[in-house]
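Before any comments, here is the structure.
What follows is calculated from the coordinates using simple rules that are stated; it is not laboratory data. In this text, all values refer to a predicted model and were calculated from it rather than measured experimentally. Here the Cβ positions follow ideal geometry from the backbone for every residue, glycine too, while neighbour counts run over all protein chains shown.
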Amino acid sequence: MFKVVIYVLISILFVFPVMAKPISEDTEALAQTIWKAQTIDGLNNGLWVIPEVALNDYFSNSLTNDKVKNPRLKLLDNNRMYITFDSSMGRVALNCEIKQFVHNQTDSYVEVYIREKKLADKPVLSWMLKFVSLGAIADLYGNPLKDVKEVDAKFSGNTLKVNFRTLVEKTLLNNEIGRKIDISSITTREGMLELHTNLKAADILGLFMGQSL
């Protein structure tokens, strides 16, 4: 049961910043890594922690997007993320901030603000990128989420909003457990992503006993 809960939670996460393959239920190592990161106090308060290493391992093994390759994620304090990946422009580095993350019975979306854009070994072009919005870059080089039918990804200036409700309705997020999990927000600290949910330790015990959340 713990493994099922973990798969539901990370399925919600893996729709940004790029689309990856669905999570396979035989990925035991991933589930174990995430489970070991949990604490009793956290679970009692509905706080689930996803280690940075688990995110990077999953993306490196499952990424299928041709326009975004070799992604690496570094989690910082105060909802900040540092993302790097290979693209047609070269190695791109994005300094990002998670502005909002919502998943409940009616809405499933994330908003990420791109605070800074850089290109490795291209200081002049990096300087020019300061004056070009993420939306304009997507228009020039293509939106990597454009052909993913399960999500609606839109750029507004330097803000990316990904609505993944369609994905929710088609995956294990729509099973009995997934339909009961709400994520009110996401916070970050060095190396860790924290999900603030309605799923507490007592609820998990209830699931074991066949009770509802």
What are the extents of the Cα atoms of segment 32-91 along their three principal axes, listed from largest to smallest and rounded to whole Å? 45, 26, 13
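Taking the highest mean first, how do the peptides 46-53, 113-120 order by number of other beta carbon atoms within 10 angstrom per residue? Don't jump to the answer; show the numbers that get you there.
Values: 46-53: 18.8, 113-120: 16.2.
Most protected by this proxy first, the peptides run 46-53, 113-120.
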Cut-off under 5 Å, modelled amide H: who pairs with Gly191 long-range: Leu75, Leu76
